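Read-outs throughout are calculated quantities, based only on the coordinates presented, and are distinct from any laboratory measurement. Predicted model, so just to flag it, every value in this text is computed and none were measured. Neighbour counts run over all protein chains shown; Cβ positions are idealised from the backbone, glycine included.
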Amino acid sequence: MHFHPATVQTSIDTPLGEVHLAASPQGLAGLWFAGQKHLPPSLSGPQAWPQQAAHPVLQAAASQLQQYLRGERQGFELPLDLSGGTPFQQAVWQALRTMACGQSCSYGALSRQLGRASAVRAVAAAVGRNPISIVVPCHRVLGADGSLTGYAGGLERKQALLALEGTTARP
């Protein structure tokens, strides 16, 4: 993943744990749970993105995320910056954005939707690298049999997000 050099960040507490938010001049560029897989190195350390809690996109993202987690919102109205991914990843992430709250699909169905029926593993890898969890709803993708499979933020969080939306998955 490549992020804009002017990316800024903040962190917020949520009922599902600490969340890191990042924004570029184009929009929200990241939403990650603390400790999840594929965290960008720029969240901490000497090369960390500057903290900027007052950034308007970060403020809007934090507010909308809290509303969503309280069951007061089903979608997000935020400018997004998905430009850090490859063209294939971006296509997968855009396809995820078409799934409404309460819907789910399998990795195979998502692959077919993209016209790449034989690329299920590549689609699954792109889903797993989604930099904007929840807003780009990768948690809505289930195994072929409707089971919970893979989630960079942890299966417990995926199950909680699906339950919040009224969707059930096989254990």
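What number, rounded to the nearest 500 deg cm²/dmol, is the helix-based mean residue ellipticity at 222 nm of the chain, given -39500 (n - 2.57) per DSSP H run of at least four residues and division by all its residues? Show your work: numbers first, answer last.
Numbers: 5 runs with 50 residues, N = 171.
Here the helix-only value at 222 nm equals -8500 deg cm²/dmol.
How much FRET efficiency would the formula 1/(1 + (r/R0)^6) give for ALA48 and ALA125, where r is the Cβ-Cβ distance and R0 is 30 Å, rounded to 0.05?
Details: r = 26 Å, r/R0 = 0.88.
Calculated value: 0.70.
Fully extended, how many nm does the chain gain between ALA163 and GLN36 (0.36 nm per residue separation, minus their Cα-Cα distance)?
Working: separation 127, 0.36 × 127 = 45.72 nm, distance 1.99 nm.
Using 0.36 nm per residue and subtracting the Cα-Cα distance, I get 43.7 nm.
Set Lys and Arg Cβ to +1 and Asp and Glu Cβ to -1, take the dipole of segment 87-164 about its Cα centre, and tell me which of CYS101, HIS139, SER118 lies farthest positive.
SER118
Let's see if you can work this out: charge +1 on each Lys and Arg Cβ, -1 on each Asp and Glu Cβ, no other charges. What is the dipole magnitude of the chain about its Cα centre, in debye to the nearest 20? All intermediate terms of the calculation are to be shown ahead of the outcome.
Working: 12 positive and 8 negative charges, 103 e Å.
Taking the Cα centre of the chain as origin, the dipole is about 500 debye.
Translational diffusion coefficient, Stokes-Einstein: compute it for segment 87-164 using the Kirkwood radius over C-alpha pairs as Rh, at 20 °C and 1.002 mPa s, and state it as an integer in µm² s⁻¹.
Working: Rh = 12.2 Å.
The diffusion coefficient I find is 175 µm²/s.
What is the Cα radius of gyration of segment 2-144 over 2.2 N^0.38 Å, N being its residue count?
Details: Rg = 15.0 Å, N = 143, 2.2 N^0.38 = 14.5 Å.
Ratio of Rg to 2.2 N^0.38 Å for segment 2-144: 1.03.
Given GLY75, GLY166, ALA61, which one lies farthest toward the positive end of the charge dipole of segment 28-171, if we put +1 on the Cβ of every Lys and Arg and -1 on the Cβ of every Asp and Glu?
With unit charges placed on the Cβ atoms, the residue in question is GLY166.
Along the charge dipole of the chain, pointing to its positive end and built from +1/-1 on Cβ of Lys, Arg, Asp and Glu, which listed residue (LEU148, LEU31, GLN9) has its Cα farthest out?
LEU148
Could you size up the charge dipole of segment 87-164 around its Cα centre, putting +1 on the beta carbon of Lys and Arg and -1 on that of Asp and Glu, and report it in debye to the nearest 20?
On the way: 8 positive and 2 negative charges, 35 e Å.
In debye, rounded to 20, segment 87-164 gives about 160.
Looking at the chain only, what percent of DSSP beta bridges run antiparallel? Nearest 5 please. Provide the component values of the computation, followed by the final result.
Details: 13 of 19 bridges.
Antiparallel bridges make up about 70 percent of those DSSP assigns within the chain.
Show me 17-29, 94-106, 58-70 ranked by packing, highest mean number of other Cβ atoms within 10 Å first. Before the final figure, lay out each step's value.
Numbers: 17-29: 20.6, 94-106: 15.2, 58-70: 17.9.
Ranked by mean Cβ neighbours within 10 Å, highest first: 17-29, 58-70, 94-106.
Order these peptides, 139-150, 122-133, by their mean beta-carbon neighbour count within 10 angstrom, highest first. Present the calculation step by step, with values, prior to reporting the outcome.
Working: 139-150: 17.2, 122-133: 21.2.
Answer by packing, highest mean first, reads 122-133, 139-150.
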